[in-house]
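**Student:** Before I ask anything, let me first share the structure, which is written out below as structure tokens.
The values are calculated or read from the model by the stated rules, or taken from the named source; none is laboratory data. What you see is a predicted model; the values in this text were computed from it and never measured. FYI the Cβ positions are ideal-geometry reconstructions off the backbone, even for glycines, and counts take in every protein chain you see. These accessible areas exclude ligands, DNA and RNA; they are computed on the full protein's heavy atoms, side chains included. Shrake-Rupley method; radii C 1.70, N 1.55, O 1.52, S 1.80 Å.
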Amino acid sequence: MARIVRHNDESVREGYIRNGGKEVKLFTSALKAFQCNNRIVMAQRKHLDDFLRGRIIGRLECGRTQLEVSEELGIAQSVISRLWQRFQDDGNVSRCYSTGRPRVTTPNEDWYLAVTAKRNRQSTASDLSRQLSSATGTTVSRQTVYRRLGHIGLYARRPVRCVPLTATHCRLRLAWSREHALWTPQQWFCVMFSDESRFSLQSDSRRTFIWRAPGTCYHQENTIE
């Protein structure tokens, strides 16, 4: 009798399995069991609770085979094999909960990065990383610096350039505004407004960025002349 195996070969017709390179027709009962087993395995994506883990170990300790337990409970045999191997290694079948990768920096080091960035807003992430390394001995990447400062609302943004105006500048601008205050749209159509665009031939744009919180672009500490 041909052994029923799971497969993803789309070339095999429905109601058949591949056995030694040949297609073998399944009986009706075997076909239903085969399709049901496939649906159970494909749907088995949730973690096993401790009660179900205990049921599996109990059946295996009673002498049942892994294949029998797999067919009875509808769980993949590979899952049962790993669970049984772990039980034999340390006698524990409970799921180990992981908290993820530990943080590289401590809360005090995060506070140091925030204070340093606020004191020198034009410092780059690489500068902050070097200062942290020299002060505490902890080496972090630029991406880590971005994430730590982003958690407290500090982001690298272009500063607002404030052009200092003298009294003469203010007087001339006010006179120009009053002179053109009554212009019609037809008169403004004859005026071409030009804007300057910046082009860089290097990968580094040489732009100056500062660390600031959203909505604070016009604060005095975030503007440069």
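**Student:** Among the residues of the stretch 124-134, are any open to solvent by 70 Å² or more (accessible area, probe 1.4 Å) and either in a helix (DSSP H, G or I) or touching an Asp or Glu at 6+ places or on another chain (Cβ under 8 Å) (or both)?
**Tutor:** yes
**Student:** Considering only the stretch 73-110, state which residues are open to solvent by less than 90 Å² (accessible area, probe 1.4 Å), part of a helix (DSSP H, G or I) and either in contact with a strand residue (DSSP E or B) (Cβ under 8 Å, 6 or more places away or on another chain) or farther than 30 Å from A135 by Cα (or both).
**Tutor:** L73, Q77, S78, V79, I80, S81, L83, W84, R86, F87
**Student:** Does the stretch 107-138 hold any residues that are free of Cβ contacts under 8 Å to residues at least 12 places away in the same chain and hydroxyl-bearing (S, T, Y), and which are they?
**Tutor:** Within the stretch 107-138, S133, S134 meet the criteria.
**Student:** Exactly one condition in (1) farther than 15 Å from V104 by Cβ; (2) in a helix (DSSP H, G or I); (3) of a type in the set (V, I, T) is false for V163; which is it?
**Tutor:** Result: V163 fails condition (2) only.
**Student:** Can I ask one more? Just give me the residues in the stretch 122-150 being of a type outside the set (S, T, Y), at pLDDT 90 or above and in contact with a strand residue (DSSP E or B) (Cβ under 8 Å, 6 or more places away or on another chain), in sequence order.
**Tutor:** Within the stretch 122-150, A125, L149 qualify.
**Student:** Among the residues of the stretch 53-72, what is the count of those that are in a loop (DSSP other than H, G, I, E, B) and open to solvent by less than 80 Å² (accessible area, probe 1.4 Å)? I'd like the intermediate steps shown before the answer.
**Tutor:** Just the residues of the stretch 53-72 that are in a loop (DSSP other than H, G, I, E, B), to begin with: 62-65.
Cutting the leftovers down to open to solvent by less than 80 Å² (accessible area, probe 1.4 Å) gives us 63, 65.
Count: 2.
**Student:** Output the number of the condition that H47 fails; it satisfies all remaining conditions of (1) under 30 Å from R148 (Cβ atoms); (2) modelled with pLDDT of 70 or more; (3) not acidic (D, E).
**Tutor:** Of everything listed in (1) under 30 Å from R148 (Cβ atoms); (2) modelled with pLDDT of 70 or more; (3) not acidic (D, E), H47 misses just condition (1).
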